[in-house]
Structures are given as structure tokens and as C-alpha cells.
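The values are calculated or read from the model by the stated rules, or taken from the named source; none is laboratory data. Keep in mind the model is a prediction, meaning the values are calculated, not measured. We place every Cβ from the backbone using ideal geometry, glycine too, and count neighbours over all the protein chains shown. Calculation scope for accessible area: heavy atoms of the full protein, side chains included, ligands and nucleic acids excluded. Shrake-Rupley method; radii C 1.70, N 1.55, O 1.52, S 1.80 Å.
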Amino acid sequence: KAGVTQTPRYLIKTRGQQVTLSCSPISGHRSVSWYQQTPGQGLQFLFEYFSETQRNKGNFPGRFSGRQFSNSRSEMNVSTLELGDSALYLCASTDLAGELFFGEGSRLTVL
Amino acid sequence: SQQGEEDPQALSIQEGENATMNCSYKTSINNLQWYRQNSGRGLVHLILIRSNEREKHSGRLRVTLDTSKKSSSLLITASRAADTASYFCATAKGGADGLTFGKGTHLIIQP
């Protein structure tokens, strides 16, 4: 069974630009969640999607958004990038037992 | 904000020794999970313990949960160099809430 796939793995953007990150969950998993990891703040919950609906959102500004498609693939978007958005963005899909399976992450650098 | 707080922040031991990491949290939980992360990679789920469980084993891992003290511990027995990684505890309140992670314990196993 293929794991969680995140693309791109690395990207560099400049302030003010926007970025879209993609996540393909494990086949059969309908829940996808996103986390931001930075050295200063650690791992922080961004949002969670289930059957194309956002079920919960963490404490992030509106510049951070996401969506989920009918095939459970998810994207997150960050608009008007700031230097502080530089981070490892991790996507996870969840099985019925509540166990999260994480992808390798997308490392975003904002210059 | 971080719910879980791991202790110690860093731990260096000799190969073959046991490693113990602790996690404290603040609010009531549905379950607590431990994850491992190798440098800059995705998180790997190690073990999930539910709020009505007190101890759980998986291979060389032993996790305890004390809900009265709002604390958990992860014991890795007979450590190996490959166990070098950061270890995170994460709490789940249940429902659609995302996991709340601690800042992690960086474990170094010296050969």
C-alpha cells in the first residue's frame, strides 16, 4: 500500500507570492490533516478535512487555506507569503483507529 | 499552543541502554500518541494509548499513561543507533480536533 505522498518536497518562494502544496492520502483514508513544523513553534495543527469538508481549523490566519477533492487528495494554499511561513508542511491521513500516517513533508523556504 | 511537553528536551545515551522520555499535558484527552521523526523527515507513528489504558507495549517500546497526573512515558529498551531521532508525544481530544504535539525529545544513541 502506497504511503502518503506530498508534492513538491522542496520549494523556494519570495515574500508576497502564494504557494499550493499537494497531498495524496493512503488509499481508503478519507481524513487528511495538515501540520506546520517550525523550529520555534514546533508542530502546529493547520486543518483537517473529511469527505471534502473542513472539520476543524487551527489557529492560523486566513492566508492559510485548504481543500479536499472527491478522491480524498488535498491541497493547502498559503497566500501573500511571509518570511515566517518558512516551514516543513506535513500532511497526514488517518485510519479508522485514529492513527495518523504522515508524508515526508514539503519544505517551504520564503526569501 | 503546545499541549504536550516532553522531558528531557535532549537525551544522549550509549547503545544498548534504555531511554525514557516523559510527556505531560494539560487537558483531558481521548488518546495519546508517540511519534518518531528522523531529521527533517515525516513523522512515523509509534504507538497509541487510549485514555482508559495504563500501559502498552510494542516491540522494544513501552508506553505508560497516568491520566490522574496527565503524564505519559515512552521507554525504548536496548537502544540502537537507528533509534537516534526526535520523539514527540501528541494528544487527541477526540472528534475532529487535530493532534496537539509537544516540542519533542531529541534522542541520540552513541555507538
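Side notes on the structure shown:
- Tally of residues being closer than 13 Å to A:Ser24 by Cα, modelled with pLDDT of 95 or more, open to solvent by less than 60 Å² (accessible area, probe 1.4 Å) and not small (Gly, Ala, Ser) across the range A:66-101: 6
- Residues that are out of contact with any Lys or Arg (no Cβ under 6 Å at 6 or more places or on another chain) and open to solvent by 20 Å² or more (accessible area, probe 1.4 Å) within the range A:9-21 comprise A:Arg9, A:Leu11, A:Ile12, A:Lys13, A:Thr14, A:Arg15, A:Gly16, A:Gln17, A:Gln18, A:Thr20, listed in sequence order.
- When B:Gln9 is tested against (1) in contact with a helix residue (DSSP H, G or I) (Cβ under 9 Å, 6 or more places away or on another chain); (2) open to solvent by 60 Å² or more (accessible area, probe 1.4 Å), only condition (1) is not met.
- Some residue of the range B:57-64 being away from chain A (no Cβ under 14 Å), more than 21 Å from A:Phe102 (Cα to Cα), touching a residue at least 40 places away in the same chain (Cβ under 8 Å) and out of contact with any Asp or Glu (no Cβ under 8 Å at 6 or more places or on another chain): no
- Considering the conditions (1) without any contact (Cβ under 8 Å) to a residue 24 or more places away in the chain; (2) under 17 Å from A:Phe45 (Cβ atoms); (3) loosely packed, with under 12 Cβ neighbours inside 10 Å, B:Thr27 is excluded by exactly one of them, (1).
- Total residues in the range A:61-95 satisfying the condition of being within 14 Å of chain B (Cβ to nearest Cβ), out of contact with any Gly (no Cβ under 9 Å at 6 or more places or on another chain) and either charged (D, E, K, R) or part of a loop (DSSP other than H, G, I, E, B) (or both): the figure is 1.
- Qualifying residues in the range B:30-56 (those that are among the charged types (D, E, K, R) and surrounded by 13 or more Cβ atoms within 10 Å (Cβ to Cβ)) - the one nearest to the other protein chains (Cβ to nearest Cβ): B:Arg41
- Filter pass, A:Phe102 being touching a residue at least 24 places away in the same chain (Cβ under 8 Å) and within 11 Å of chain B (Cβ to nearest Cβ): yes
- If you go through the range A:29-59 and keep only what is open to solvent by 70 Å² or more (accessible area, probe 1.4 Å), in a loop (DSSP other than H, G, I, E, B) and more than 21 Å from A:Thr80 (Cβ to Cβ), you end up with A:Arg30, A:Pro39, A:Glu52.
- Test: residue in the range A:16-29 that is facing chain B (nearest Cβ under 10 Å) and either free of Cβ contacts under 8 Å to residues at least 40 places away in the same chain or within 28 Å of B:Gly104 (Cβ to Cβ) (or both): no
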